[in-house]
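Take a look at the structure below.
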Amino acid sequence: MPNSTLYAFILSFLAGISTVIGALIIFLDKHKNNKIVTASLAFAAGVMICVSLTDLLPNSFNMILSTNQNFPRIILTLIFMVVGIIISMLIDKYLPSENKKTNNDGLYKIGIISMVAIALHNIPEGIATFITSSNNIRLGITLTVAIALHNIPEGVSIAVPIYHSTNNKFKAIGYALFSGMSEVLGSILAFTFLSPFINEHIMAALYAIIAGIMIHISVYELIPGSYKNGSLNSVLKYFLIGFIIMIMSHVLM
């Protein structure tokens, strides 16, 4: 295996494992304070909406067609985003809304849906990290740092609701790890057979679909879940903190 390929796998792994860093916040939550739930869910909503609006949808729009006509690009981007929303609605409909072992109805579902959405988001990130790092290791390192910075709050959004609904730290950390390791899955897919076939049109569709999933989760699950456990001012405050932190990570990227 060439050195550049090995380094690309290592960088994908480092980007993915950073979700576990965010998940470690559960060890500071010894008394399972509802304020932490409010903060983490609103924070995660800010992260996901920021990623969708400032990263996924603009990239989808720019990549979706090699034409100068804006109208069809906008329509196609919105169509794929709606597909993502529909996928998220179906997951929400068929995933159990309650963990029978606890009284934290809905939190388990929020954690699982967040894990699925972030895992789907991480797969194309892993593909991008692998391909970039294989061709330009310096640019790959920069990309890895930026992805790691915004994977940390994503780990928070998975681990806190899972921990509060199951009282199981191992499961919370494990779910966050599973989500992060989808970065590695993306790099494996890129290495084995996707590299020759991945093009801008496919990536554009994936980005818009994932944005739709994230927006639906944020509006339908995370923000209401946060408000249920806290005040409107707290929800807005932590939402803005998450949004601003993601803006800063994009600047570094």
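No value in this document is a laboratory result; all are computed from the given coordinates. As the structure is a computational prediction, the values presented were derived from the model and not from experiment. Glycine gets a Cβ as well: all are built from the backbone with ideal geometry, and neighbour counts include every protein chain shown.
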- Using a basic spin-label model with each label point 7 Å from the Cα along Cα→Cβ, how many nm lie between Asn136 and Met248? 2.6
- Query: Do any of Lys171/Lys237; Lys109/Lys171; Lys109/Lys169; Lys35/Lys228; Lys93/Lys171 go past 21 Å between their Cα atoms, and which?
  - Reply: Lys171/Lys237; Lys93/Lys171
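Assuming R0 = 30 Å, what is the FRET efficiency of Asn233 and Leu24, from their Cβ-Cβ distance, to the nearest 0.05?
On the way: r = 27 Å, r/R0 = 0.90.
The value I calculate is 0.65.
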- Near the amide H of Gly106, under 5 Å away, which other amide H atoms are found, from residues 5 or more places off or on another chain, if H is placed in the peptide plane? Glu98, Asn99
- Message: Order 180-189, 37-46 from most to least packed using the mean count of other Cβ atoms within 10 Å.
- Response: 37-46, 180-189
